[in-house]
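Enquirer: Once you've had a glance at the structure underneath, I'll fire off some questions.
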Amino acid sequence: MSEPTRPLSIRLAASDIDQLAARAKRISGTPTGVARELIRSGLTDGDPFTQAERLLNIERRLAALSQDLQAVADSTTQNGGSLGRVESMFDELLHALSGQPTRQEA
């Protein structure tokens, strides 16, 4: 797991914040996330091995999230089928209790 983090506050010119916001919008991120990645990239002094390692960690996390999303999608599909069966049984029960013939008896 990754190390615990601590907050850090910095002051930037309004134009720098606008640039961060524009970059974040292009990648569907947040200005804070973009600033964090730029700072971390700068701390590596452009070391390609360290940057590659960070990218691999990000890729692993994305792969795990993708698997989780697929499992949720599969579960949702199964629940939808179960819901349809329960709904049809409920309809049959209502018809039986009301004395109306069910589709099978008609």
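Readers should treat all values here as calculations from the given coordinates under stated rules, not as data from a laboratory. Because the structure is a prediction, the values reported are computed rather than measured. Note that each Cβ is placed from the backbone with ideal geometry, even for glycine, and that neighbours are counted across all protein chains shown.
Enquirer: At 0.36 nm per residue, and after removing the present C-alpha to C-alpha distance, how many nm does the segment from Phe90 to Ile10 gain when stretched out fully? Don't skip to the end; give the middle numbers.
Expert: Working: separation 80, 0.36 × 80 = 28.80 nm, distance 6.00 nm.
Computed gain between Phe90 and Ile10 is 22.8 nm.
Enquirer: So how strong a dipole does the chain carry about its Cα centre when Lys and Arg Cβ are +1 and Asp and Glu Cβ are -1, to the nearest 20 debye?
Expert: Numbers: 12 positive and 14 negative charges, 99 e Å.
Computed about the Cα centre, the dipole is about 480 debye.
Enquirer: Sticking with this one: Apply the membrane-span-like helix rule to the chain: whole DSSP H runs, Cα extent along the own long axis of at least 15 Å, mean Kyte-Doolittle hydropathy at least -0.5. List the helices found. Walk me through the intermediate numbers first.
Expert: On the way: long enough: 14-26 (18 Å, -0.67); 31-43 (18 Å, 0.13); 48-98 (73 Å, -0.20).
Passing helices, by number: 31-43, 48-98.
Enquirer: Can you give me the Kirkwood hydrodynamic radius for the range 48-106, using every pair of distinct Cα atoms, in Å to one decimal? Display every interim value, and only then the final one.
Expert: Values: mean 1/r = 0.0649 Å⁻¹.
Hydrodynamic radius (Kirkwood, Cα pairs) of the range 48-106 is 15.4 Å.
Enquirer: For log10 I(q)/I(0) by the Debye sum over Cα atoms at q = 0.10 Å⁻¹, which listed value, (i) -0.57; (ii) -0.62; (iii) -0.23, comes from the coordinates shown?
Expert: Structure-derived value, by its label: (i).
Enquirer: Same structure, new question: Please find the FRET efficiency linking Ile27 to Arg60, where r is the Cβ-Cβ separation and R0 is fixed at 30 Å, and quote it to the nearest 0.05. Working shown, then result.
Expert: Working: r = 19 Å, r/R0 = 0.64.
Efficiency, from the Cβ-Cβ distance: 0.95.
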